[in-house]
Amino acid sequence: DDGFPTDYEIAQSVDTDPITEVVEPLGLAADDLDLYGDDTAKLTFDAIERVRESDRDNGEMILVTGMTPTPMGEGKTVTTVGLSQAFNHIGEDALAAIREPSLGPVFGVKGGAAGGGYSQVLPMEDINLHFTGDLHALTSAHNLISTMLDNHIKQGNELDIAVNWVEWPRAIDMNDRVLRETVIGLGGDVTGVPREDGFILTAASELMAVLCLADDLADLKERVARIVVAYDEDGDPVTADDIEATGAVTILLKDALKPNIVQTIEGTPAFVHGGPFANIAHGTNSLIADDAARKLSDYLITEAGFGSDLGAEKFMNVVCRFGEMEPAAVTLVASIRALKYHGKDMWPADLDELEATDVEAVRGGFENLDTHVENLRKFGVPVVVALNRFPGDADEEVQAVLDHCRDDLGIEAAESTVFGEGGEGGADLARKLITAIDEDDEEFEYLYDVDDSIENKIETIATEIYGAESVTFQSSAQDDIERMESLGFDDVPVVMSKTFHSLSDTAEWKGAPTGWELEIQEIYPSAGAGFLVALTSDVLTLPGLPADPAAAEMDIDSDGTVSGLF
Ligand SMILES: Nc1ncnc2c1ncn2[C@@H]1O[C@H](COP(=O)(O)OP(=O)(O)O)[C@@H](O)[C@H]1O
Ligand SMILES: O=COP(=O)(O)O
Ligand SMILES: [Mg+2]
């Protein structure tokens, strides 16, 4: 306990304004909102359409990504919220768009995802728990598909679904590892046909990706219909529409599709919508939120999960392609503790050991930071490094990073103290980003063309971004590629599923691993989302809780005051 108030205590010390007042400067009126209490609202579909059609130019989009993080995270969400406040602090119009938290990490290791300190969105305890129910709606909708699928098999299996070739797992919004692999249908004929099944985290459900990429309700419904849930005995795909789930699933998601609006601790509006992780999914908030936010402000600050090898790569190659948009600049979040984590080649992370001042260890982490900078420059976007200062970071450590960026990388870097100081702590960073945008003369470009072969797309990501020497496809993955090509599902982007602990596919390899080979286990279509998913080694689509879960430290007293919630 460093004497610094907890995120929750800081959040409780602030009086929020009614959300109807917070959004007024954006030109949004009360009837543009579906209110969820005084300080939370969803934008109505009519308001979304009106905002989208406004002839105002789209605001400049700034992506916040990061270097390869310690398991605690290095401050992308804090920086995203803090930057939106910093832009407003220096007199510029800016909004933040972040993802909504999953209960998995909240009760596990990372805790909440509403930012922190004086750069968080409010009401953080609601946002980190049930919020507006979107994750619950997604979990129910996901499991309705599972229920209807097994019911179809039980009721005669007219579609001749191959019982051992069901692709659609069940979902839960909890880090419950024992549900990763299950057997269902036990209990004799009255129950159904026994088969292997398993659960994934709701954040990894294709419905989460569909919700985040859909244009509107009609598009959402068309995407749901296309989802491949199984294959029949002839190897032909069976879709959600084939098992007649489309309408009911879309009904369950009709409110979740509307983007949530809340406020930051400094009273600026923030969109919080959709919650795919970037290791097991595409890792950024909904396109609907981005579309609306870009029409409502001069700058939109948005985040992509985990390191730039995951969230940022997918943001550029998948989300920007679908959303027909491009980042005007990228903020690469670095921290002294993450640099030392790499410099000391540490695994697992021992945060106490990362406390001690050690400039040499900081320098040892530069190869990871540099790789992320070089990777991001390949997309033709300006990069500014945000050194997110934690309590206890020594001046000489901070100076070493700023000097390295300026002298060795030739890029701008800014010390950011938005956690401890709110928007004011990001003013230098904001100004450097505005300058980078004004001076940028490069063209944004994707890393690959969707018409490239599936192998080529994956090899491009692996060699250009992860630093792999080459890629090997397991025989099952080769079969998957042939089937995708025969199904005509190969001219789409690829979403890689890979560990976030390393640039490589091996969690304990720190820094910038070279001379290694990426192995692809499986490739499957997310036909509703419109991309392929490629699984690398043992990525956990249903994480587990740590030995000491955050949940064990949580409490609530009789007047409802919560403690232990990040
Ligand atoms: N500058 C900082 N000082 C202290 N704690 C911080 C700072 N920046 C982030 N944190 C904390 O570190 C954790 C990770 O921050 P977060 O913004 O969620 O990272 P990311 O989005 O990159 O995973 C959170 O608990 C957050 O409150
Ligand atoms: O998908 C992961 O997101 P964070 O890096 O913000 O935890
Ligand atoms: Mg985050």
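Throughout, read-outs are computed from the coordinates displayed, never taken from laboratory work. Since the model is a prediction, treat every value here as computed from it, not as a measurement. Here the Cβ positions follow ideal geometry from the backbone for every residue, glycine too, while neighbour counts run over all protein chains shown.
Worth pointing out:
- Relative frequency of Cα-Cα separations exceeding 17 Å in region 334-405, percent: 40 percent
- Between 0 and 90 degrees, the angle of helix 475-486 with respect to the longest Cα principal axis of the chain falls at about 80 degrees.
- Region 506-551: C-alpha gyration tensor shape, a/c 1.5 cut-off, then a/b vs b/c: oblate
- Short-range pairs are left out: with C-alpha atoms under 8 Å and at least six residues apart, the relative contact order of the chain is 20 percent.
- One chain, two ends: residue 374 and residue 475. Fully extended at 0.36 nm per residue, the span grows by 33.1 nm beyond their Cα-Cα distance.
- Annotation: lysines with alpha-carbon distance below 25 angstrom to residue 344 (same-chain offsets under eight excluded): 76, 110, 498, 510.
- Convex hull (Cα only) mean projected area of region 433-473, reported in nm² to one decimal: 4.2 nm²
- All-pairs alpha carbon distance profile, region 462-566, 5 Å steps from 0, percent: 2, 11, 15, 17, 14, 11, 9, 7, 6, 5, 3, 1, 0
- Listed peptides 3-10, 212-219 by packing density, highest first (mean Cβ within 10 Å): 212-219, 3-10
- The chain: angle of helix 217-226 to the longest principal axis, Cα-based, in degrees nearest 10: 50 degrees
- Intensity falloff of the chain expressed as log10 I(q)/I(0), Debye formula with alpha-carbon point scatterers, at q = 0.06, 0.10 Å⁻¹: -0.28, -0.80
- Cα-based shape type of region 15-143, given that a ≥ b ≥ c are square roots of the gyration tensor eigenvalues and the cut on a/c is 1.5: oblate
- Note: relative contact order over region 1-119, using C-alpha pairs below 8 Å and six or more positions apart, is 22 percent.
- Under a model in which nothing but the beta-carbon of Lys, Arg (+1) and Asp, Glu (-1) is charged, the chain shows a dipole of about 680 debye around its Cα centre.
- Ranked 20, 561, 202, criterion: other C-beta atoms within 10 Å, fewest first: 561, 20, 202
- Taking all pairs of distinct alpha-carbon atoms in region 386-488, Kirkwood radius in angstrom: 17.8 Å
- 0 to 90° range, to nearest 10: angle between helix 287-296 axis and the chain longest Cα axis: 40 degrees
- Using Cβ point charges alone (K and R +1, D and E -1), the dipole size of region 32-181 about the Cα centre works out to roughly 640 debye.
- Rounded to two decimals, the Cα radius of gyration of region 132-283 over 2.2 N^0.38 Å is 1.13.
- Rounded to the nearest 20, the Cβ-based charge dipole of region 407-484 about its Cα centre (Lys and Arg +1, Asp and Glu -1) stands at 400 debye.
- Directionally averaged projected area (region 100-173, Cα convex hull): 6.4 nm².
- Here the residues 110, 76, ranked from fewest to most Cβ neighbours within 10 Å of their Cβ, fall in the order 110, 76.
- Bridge type composition, the chain - antiparallel percent by DSSP, nearest 5: 45 percent
- Nitroxide proxy distance, nm - points 7 Å out along Cα→Cβ at residue 357 and residue 487: 5.8 nm
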